[in-house]
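A.B. asks: Could you have a look at this structure, given as structure tokens, before my questions?
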Amino acid sequence: LAPQGLDPNTTYYLRVGALYGQTTIYNNVTVLSTPTLANPAQLGPSEFLALAGSSATVAWAAAPPSPPWASSRTCEGYVLLASSNNFGALAPAGAPVFSSVTFTALASTLTLSQAAGGAELDLSSTYYFRLGTLNWSGHPNFTTLPPLNFQIDQSTDEFSMGPLGLVDGNLYLSTVSVSSMVITNTGNWPVTLELSASTATLPSTPWTLSTFTGVETAALLGVFNAAPPPPALFNTYLTGTPRTAQASGNYSGGQSGYQIPPGGSVSLWFLLNLPTSTASSLVEKIRVSARAIYP
């Protein structure tokens with residue numbers, strides 16, 4: 001029986017018969033009822049609502065509410081799947097399938113973060129997504145989403161304020177880095193950068209990073225710019241609390257670190273204000289970490 005003309009998400013009951021001339025003789029076998037698939041999900045201009053290193057949230061237009069006698073207008077829920085080997089089509093075999101399900105027809109988002117067995121979603125790899133609407137019997141009607149590789153590359157996680165990328169206590173009280181950290185979007189989706197910094201001197205250091213200078217307290221600022229910027233261009237502090245780049249505002253100079261397109265790069269420069277005094281005799285090291293967030 002061809003499906004043309006059948007309503008979606010509707011249970012149909014079939015009878016099987018034999019035709020003899022102008023007479024149809026039905027057998028006495030009862031054929032099980034069969035529900036058709038629900039209408040596919042209606043995706044918006046941007047399917048991914050939020051992305052991070054180990055989670056992805058997908059959004060769609062919720063199915064309209066419908067009375068019980070008009071179930072063909074809606075669905076019974078949604079299932080979201082993700083796989084790094086395109087659900088077995090690519091090597092390696094046996095890659096985990098991440099899944100999330102809701103049985104609420106009016107839902108419009110689902111989040112994936114972990115697969116059965118404890119494996120975490122790692123968006124530094126390419127993942128393939130499917131979003132399915134569920135019919136009365138729980139069978140999905142899948143829509144394929146664009147593959148996703150949410151990944152950045154830092155040229156270094158340390159900046160060069162002195163020899164070998166270390167902070168020399170004999171530097172001027174305030175100094176601009178002589179080279180930049182280049183951050184490249186190596187994935188296939190636009191990314192916005194979230195930055196944080198910490199002291200990383202081994203075995204330990206009395207230094208802390210803050211938005212002001214003081215005893216054992218340094219202040220580090222960053223700005224995205226294609227060329228070495230003047231000190232007046234720095235306006236955003238780097239501390240242990242992550243701060244998100246903006247199109248204008250945080251870290252923005254001639255570049256912004258906001259929605260960097262696939263293949264795009266930005267250069268991050270640093271201005272360091274040394275502590276007013278320190279008891280440390282070590283050559284200090286400071287580490288800057290960039291994290292890709294969406295959008």
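A.B. asks: How many residues are open to solvent by less than 60 Å² (accessible area, probe 1.4 Å) and not in a loop (DSSP other than H, G, I, E, B) if we restrict to segment 234-245?
C.D. replies: Selection size over segment 234-245: 2.
A.B. asks: Just to verify a result, which residue in segment 273-295, among those that are farther than 26 Å from Pro45 by Cα and hydroxyl-bearing (Ser, Thr, Tyr), is surrounded by the fewest Cβ atoms within 10 Å (Cβ to Cβ)? Give the derivation first.
C.D. replies: Just the residues of segment 273-295 that are farther than 26 Å from Pro45 by Cα, to begin with: 273-290.
If we keep only those that are hydroxyl-bearing (Ser, Thr, Tyr) too, we end up with 276-278, 280-281, 289.
Numbers: Thr276: 13, Ser277: 10, Thr278: 17, Ser280: 15, Ser281: 6, Ser289: 14.
Among them, the one singled out is Ser281.
A.B. asks: Tell me which residues, restricted to segment 252-272, are in contact (Cβ under 8 Å) with a residue 40 or more places away in the chain and open to solvent by 30 Å² or more (accessible area, probe 1.4 Å). So that I can check it myself, show each step before the final result.
C.D. replies: Step one: list which residues in segment 252-272 are in contact (Cβ under 8 Å) with a residue 40 or more places away in the chain, which gives 257-272.
Tyr258, Gln259, Pro261, Pro262, Gly263, Ser265, listed by residue number.
A.B. asks: On to the next question. Are any of the residues in segment 273-281 in a strand (DSSP E or B) and either touching a His at 6+ places or on another chain (Cβ under 9 Å) or at pLDDT below 95 (or both)? Can you show your working first?
C.D. replies: Going through segment 273-281, the residues in a strand (DSSP E or B) turn out to be 273, 277.
Next, from what is left, pick out any that are either touching a His at 6+ places or on another chain (Cβ under 9 Å) or at pLDDT below 95 (or both): 273, 277.
Scanning segment 273-281 turns up at least one residue that is in a strand (DSSP E or B) and either touching a His at 6+ places or on another chain (Cβ under 9 Å) or at pLDDT below 95 (or both).
A.B. asks: Do we have Pro190 as closer than 30 Å to Pro146 by Cβ and at pLDDT 95 or above here?
C.D. replies: No; evaluated as a whole, the condition is false for this residue.
A.B. asks: Tell me, which strands (runs of 3 or more DSSP E) wholly within segment 84-164 include 3 or more residues that are of a type in the set (Ser, Thr, Tyr) and either farther than 17 Å from Gln42 by Cα or open to solvent by 60 Å² or more (accessible area, probe 1.4 Å) (or both)?
C.D. replies: Working: elements: 97-102, 109-112, 128-134, 140-144, 152-154.
Strands (runs of 3 or more DSSP E) meeting the threshold: none at all.
A.B. asks: Out of segment 236-266, which residues are touching a Pro at 6+ places or on another chain (Cβ under 9 Å) and small (Gly, Ala, Ser)?
C.D. replies: Pass one, segment 236-266, residues touching a Pro at 6+ places or on another chain (Cβ under 9 Å): 253-254, 258-262, 264.
Scanning segment 236-266 gives Gly253, Gly254, Gly264.
A.B. asks: Does Leu32 satisfy being at pLDDT 75 or above and hydrophobic (A, V, I, L, M, F, W, C)? Before you say what the answer is, go through the steps one by one.
C.D. replies: Working: at pLDDT 75 or above: no; hydrophobic (A, V, I, L, M, F, W, C): yes.
For Leu32, the condition - at pLDDT 75 or above and hydrophobic (A, V, I, L, M, F, W, C) - is not met.
A.B. asks: Checking Ser248 against (1) surrounded by 13 or more Cβ atoms within 10 Å (Cβ to Cβ); (2) assigned to a loop (DSSP other than H, G, I, E, B), only one condition comes out false. Which one?
C.D. replies: Of the numbered conditions (1) surrounded by 13 or more Cβ atoms within 10 Å (Cβ to Cβ); (2) assigned to a loop (DSSP other than H, G, I, E, B), the odd one out for Ser248 is (1).
A.B. asks: Just to be sure I understand, how many residues within segment 197-232 are open to solvent by 60 Å² or more (accessible area, probe 1.4 Å) and either assigned to a loop (DSSP other than H, G, I, E, B) or within 23 Å of Gly264 (Cα to Cα) (or both)?
C.D. replies: In the first step, residues of segment 197-232 are kept if they are open to solvent by 60 Å² or more (accessible area, probe 1.4 Å); the result is 202-204, 206, 208, 211-212, 215, 226, 228, 230-232.
Narrowing further to those that are either assigned to a loop (DSSP other than H, G, I, E, B) or within 23 Å of Gly264 (Cα to Cα) (or both): 202-204, 206, 211-212, 226, 228, 230.
Here the count works out to 9.
A.B. asks: Only one of these is touching a strand residue (DSSP E or B) at 6+ places or on another chain (Cβ under 9 Å), at pLDDT 85 or above and small (Gly, Ala, Ser): Ser46, Ser71, Ser99, Ser125. Name it.
C.D. replies: Values: Ser46 fails: at pLDDT 85 or above; Ser71 fails: at pLDDT 85 or above; Ser125 fails: touching a strand residue (DSSP E or B) at 6+ places or on another chain (Cβ under 9 Å).
When all the criteria are applied, what remains is Ser99.
The values are calculated or read from the model by the stated rules, or taken from the named source; none is laboratory data. Fair warning: this is a prediction, and the values are worked out from it, not measured in the lab. Methodologically, a virtual Cβ is constructed for each residue, glycine included, from the backbone with ideal geometry; neighbour enumeration extends over all protein chains shown. Remember, those area values only see protein heavy atoms, side chains included, never the ligands or the DNA or RNA. Shrake-Rupley method; radii C 1.70, N 1.55, O 1.52, S 1.80 Å.
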